[in-house]
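Only the coordinates and a few stated rules stand behind these numbers; no lab work does. Since the model is a prediction, treat every value here as computed from it, not as a measurement. For neighbour counting, all protein chains shown are included, and Cβ atoms are generated from backbone atoms with ideal geometry for every residue, glycine included.
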There are 2 protein chains.
Amino acid sequence: MFDDQHIKVAVDAVVFGYKDLKLHTLLIKQKYSPFQGWWSLPGGFVKDDESLLAGVARELREEAGITVNYLEQLYTFGDDVKRDPRARVISISYFALVNADQFTLKADTDAIEAQWFEINDLPELAYDHARITEMALTRLRAKIHYQPIGFNLLNKEFTFPELEQLYTAILQKPIDRRNFRKKILSFDLLVETNKFQKEGSGRPAKLYRFHTQKYQALMASGFYFEIKFA
Amino acid sequence: MFDDQHIKVAVDAVVFGYKDLKLHTLLIKQKYSPFQGWWSLPGGFVKDDESLLAGVARELREEAGITVNYLEQLYTFGDDVKRDPRARVISISYFALVNADQFTLKADTDAIEAQWFEINDLPELAYDHARITEMALTRLRAKIHYQPIGFNLLNKEFTFPELEQLYTAILQKPIDRRNFRKKILSFDLLVETNKFQKEGSGRPAKLYRFHTQKYQALMASGFYFEIKFA
């Protein structure tokens with residue numbers, strides 16, 4: 001039966017943040033072996049009496065000092081029986097989108113540092129965390145085609161140029177701005193404010209807010225967004 | 001560290017099959033406690049030296065006598081710490097689409113019976129397996145909007161009416177046949193044969209095959225299908 005099973009259960013998180021107009025991910029530096037001094041995803045072993053979700057939220061608080069509202073399960077890595085040199089460990093990975101400017105990172109417990117890294121400039125990662133990060137990026141880029149996500153990465157009020165810039169940073173390729181604007185507006189999920197924001201040398205751009213409640217209602221009804229960017 | 005963790009790791013599979021023009025799922029009857037005599041998903045504990053995928057494939061062979069080519073990871077259930085009365089057990093769930101007529105079911109090991117059940121007529125299931133089945137159905141119905149899946153459920157050669165009937169059975173609602181036909185043909189993934197099949201009282205319908213290689217190449221290139229049914 002299961003008494004002779006010796007598999008350990010960990011959780012890891014890929015937290016995407018948007019900073020300086022670029023997509024970043026949150027990494028911590030390992031305090032202990034077997035990857036002492038290496039950068040890795042925040043994460044760790046699940047306690048017997050906590051849910052997987054509570055476990056990953058706790059690790060993010062402990063190792064990076066951040067509280068994330070919404071974590072989505074990404075994938076469970078457990079096909080490589082030697083992915084951890086200490087023991088057979090499977091990892092249930094999660095991903096999250098946050099506004100990086102809202103948090104002050106603070107490393108503790110198993111982490112000696114916590115830091116945002118631009119996704120095109122990641123250090124070598126411990127374990128199979130490069131693969132987990134890659135999968136999270138692929139998922140994010142796939143999702144953006146059929147769900148208007150990413151608003152969590154921006155400030156509560158944002159301009160259309162800011163939204164376009166975010167989508168460009170996520171997809172890493174230029175988008176057709178006119179089609180994008182028309183499509184996003186057609187979902188009727190943006191609330192116009194009366195405020196404007198000066199953008200560079202151009203004329204001021206209108207500030208919008210995202211209609212979270214309406215979005216959740218649409219998603220619950222099984223609505224598909226189908227956004228094309230090119 | 002992890003020596004004081006006592007979480008056990010199981011895998012479970014939701015295998016969808018198409019039989020008598022209806023969508024079915026494969027269930028087994030439990031031989032042992034704590035749900036002796038109950039119907040459940042095929043599945044069980046992972047061995048220390050086998051991958052998760054190898055574990056679920058083995059359980060399907062042992063409990064139902066079937067070999068499934070492609071299993072997709074669905075979700076890891078581990079938030080309810082009491083989902084198994086014996087111990088803290090998390091389950092990595094998988095789903096698969098098969099041609100039910102190709103298999104002869106044969107229960108063994110932990111199963112005393114293996115049987116296809118119509119998805120609208122499932123018995124009460126052990127553990128949280130009703131919830132897992134529900135999530136697999138939701139995933140299948142979501143996926144069908146952006147990937148031309150389901151061909152695994154049919155014979156190698158099929159008619160358009162058969163394909164429409166399958167999609168109707170999966171979505172459990174009528175589809176717009178003309179739009180559906182036009183859309184599916186536009187992907188250029190169906191290969192016309194020179195053969196015809198007599199359908200009921202109507203005139204014979206042309207037999208098609210699915211262009212698996214072309215489909216895989218499209219998917220690998222990040223193509224999105226966007227199929228609307230209504």
Net charge of neighbours whose Cβ lies under 12 Å from the Cβ of A:E192, counting Lys and Arg as +1 and Asp and Glu as -1: +1
B:R58-A:N179 pseudo-label distance in nm [points 7 Å out on the Cα-to-Cβ vector]: 4.9 nm
Helix-only [θ]222 nm of the protein assembly as shown, DSSP H runs n ≥ 4, -39500 (n - 2.57) each, per residue, nearest 500: -8000 deg cm²/dmol
Efficiency of FRET from Cβ geometry, A:A217 and B:A87, R₀ 35 Å, rounded to 0.05: 0.35
Radius 11 Å from Cβ of A:A54, net charge of other residues (Lys, Arg +1; Asp, Glu -1): -1
Least to most buried among B:E59, A:E164, B:E118 (fewest other Cβ within 10 Å first): B:E118, A:E164, B:E59
Separation between Cα centres of the range A:40-91 and the range B:146-222, rounded to whole Å: 41 Å
Exam field: B:E113 pseudo-label spacings to other copies (7 Å along Cα-Cβ), nanometres: 6.2
Nearest 10 degrees, 0 to 90: helix A:129-143 Cα axis against chain A principal axis: 30 degrees
Derived scalar couplings ³J(HN,Hα) [the range B:162-177; Karplus, 6.51 cos²θ - 1.76 cosθ + 1.60; whole Hz; x for Gly, Pro]: 5, 5, 4, 4, 4, 5, 5, 5, 6, 7, 6, 7, x, 10, 6, 4
Exam field: B:Y32 pseudo-label spacings to other copies (7 Å along Cα-Cβ), nanometres: 3.3
Teacher prompt: B:R61 distances to equivalent labels in other copies, 7 Å Cα→Cβ, nm: 4.5
Gyration tensor (alpha-carbon) shape descriptor, chain B, a/c threshold 1.5: prolate
Principal axis dimensions, the protein assembly as shown - Cα atoms, whole angstrom, descending: 71, 56, 35
Sorted by Cβ neighbour density within 10 Å, fewest at the top, the residues A:S51, A:S93, A:S221, A:S186: A:S221, A:S186, A:S51, A:S93
Translational diffusion of the range A:102-230, µm² s⁻¹ [Kirkwood Rh, Cα pairs; Stokes-Einstein; 4 °C; 1.567 mPa s]: 76 µm²/s
Cβ neighbours within 10 Å from other chains - mean over B:73-86: 4
Taking B:I7, A:I90, A:I144 and counting other C-beta atoms within 10 Å, the order from fewest to most: A:I144, B:I7, A:I90
Contact order relative to length of chain A, as percent, for alpha carbon pairs under 8 angstrom and 6 or more apart: 21 percent
Principal axis box of the range B:8-143, alpha-carbon based, largest edge first, Å: 40, 32, 30
Long-range amide H partners of B:V89 with built H, under 5 Å: B:K8, B:R83, B:D84
Nonlocal amide H pairs with A:T159, under 5 Å, H built at 1.01 Å: A:Y208
The range A:61-117 - Rg over Rh from alpha carbon coordinates, Kirkwood radius: 1.04
Whole-angstrom Cα spans of the range A:31-84 along principal axes, big to small: 30, 26, 21
Cα gyration tensor shape for the range A:151-220, rounded if a/c is under 1.5, else prolate or oblate: oblate
Rounded to whole Hz, the Karplus (6.51, -1.76, 1.60) HN-Hα couplings of the range A:110-117, x for glycine and proline: 7, 10, 9, 8, 9, 7, 7, 10
Solvent-free Debye scattering, log10 I(q)/I(0), computed from the Cα coordinates of the range B:15-54 at q = 0.17, 0.27 Å⁻¹: -0.66, -0.90
Cut-off under 5 Å, modelled amide H: who pairs with A:Y75 long-range: A:S93
Whole-Hz ³J(HN,Hα) from phi, Karplus 6.51 cos²θ - 1.76 cosθ + 1.60, for the range B:13-18, glycine and proline x: 10, 9, 9, 8, x, 10
